[in-house]
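What follows is a short report on a single structure.
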Amino acid sequence: MTSSLSPLLDDRESVSADLAGVIEAQVKAQSGLSGTAVKGAYAAARKFKPGIVEAATSAMLPDFLNALAPLWDSRPSGTSFGAHLAANSDEASEALLAVTDRQAQSAPAALAKAYQSLRGKAKEYVTQALVPVGDVIESHAAAA
């Protein structure tokens, strides 16, 4: 397995597609009033620009990997990256949200509005996705 996450950029399309799949699954899993809001914002973003989730994930991938690199480097031997992210959920979630917050500042108004409508609960949603995100990264790192 690679000791760095940068080789994952060589397979950017595949990594981004797999991470977009995690996002899709997390959105579908939401329920209740907040789940309805998430699903609505997600649908609005996809309607605004089809393929936006994959494109945005690809565009932010270098920043996501850079944000997670310290956690990758501190992962104990024998621990999956997903489990390590979950064990360090505050740090991991904040690192990923810092990337999306920066991106939202320059997003088109409709996308920025959709993002802001969810930002209050975003850490909870990101935390729920840490294990599958880590698993995707680890599987691609193993193949790099």
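Restricting the range 118-144 to residues that are over 11 Å from the mean Cα position of the chain (by Cα) and more than 18 Å from Glu94 (Cβ to Cβ), the residue that is surrounded by the fewest Cβ atoms within 10 Å (Cβ to Cβ) is Ala142. Being assigned to a loop (DSSP other than H, G, I, E, B) and either under 14 Å from the mean Cα position of the chain (by Cα) or surrounded by fewer than 18 Cβ atoms within 10 Å (Cβ to Cβ) (or both) is a property that does not hold for Ser93.
Only residues that are in a helix (DSSP H, G or I) and in contact (Cβ under 8 Å) with a residue 60 or more places away in the chain were counted across the range 1-20, and they come to 8. Taking Val99, is it crowded, with 17+ Cβ neighbours inside 10 Å, touching a helix residue (DSSP H, G or I) at 6+ places or on another chain (Cβ under 8 Å) and farther than 17 Å from Leu9 by Cα? It is false that Val99 is crowded, with 17+ Cβ neighbours inside 10 Å, touching a helix residue (DSSP H, G or I) at 6+ places or on another chain (Cβ under 8 Å) and farther than 17 Å from Leu9 by Cα. Give Ala112, Ala122, Ala104, Ala142 a once-over and let me know the one that is out of contact with any Gly (no Cβ under 9 Å at 6 or more places or on another chain), at pLDDT below 95, part of a helix (DSSP H, G or I) and over 30 Å from Ala43 (Cβ atoms). From the options Ala112, Ala122, Ala104, Ala142, the qualifying one is Ala142.
The values are calculated or read from the model by the stated rules, or taken from the named source; none is laboratory data. Not measured: the values here are computed from a predicted model. Here Cβ is always computed from backbone atoms with ideal geometry, including for glycine, and neighbour counts include all displayed protein chains.
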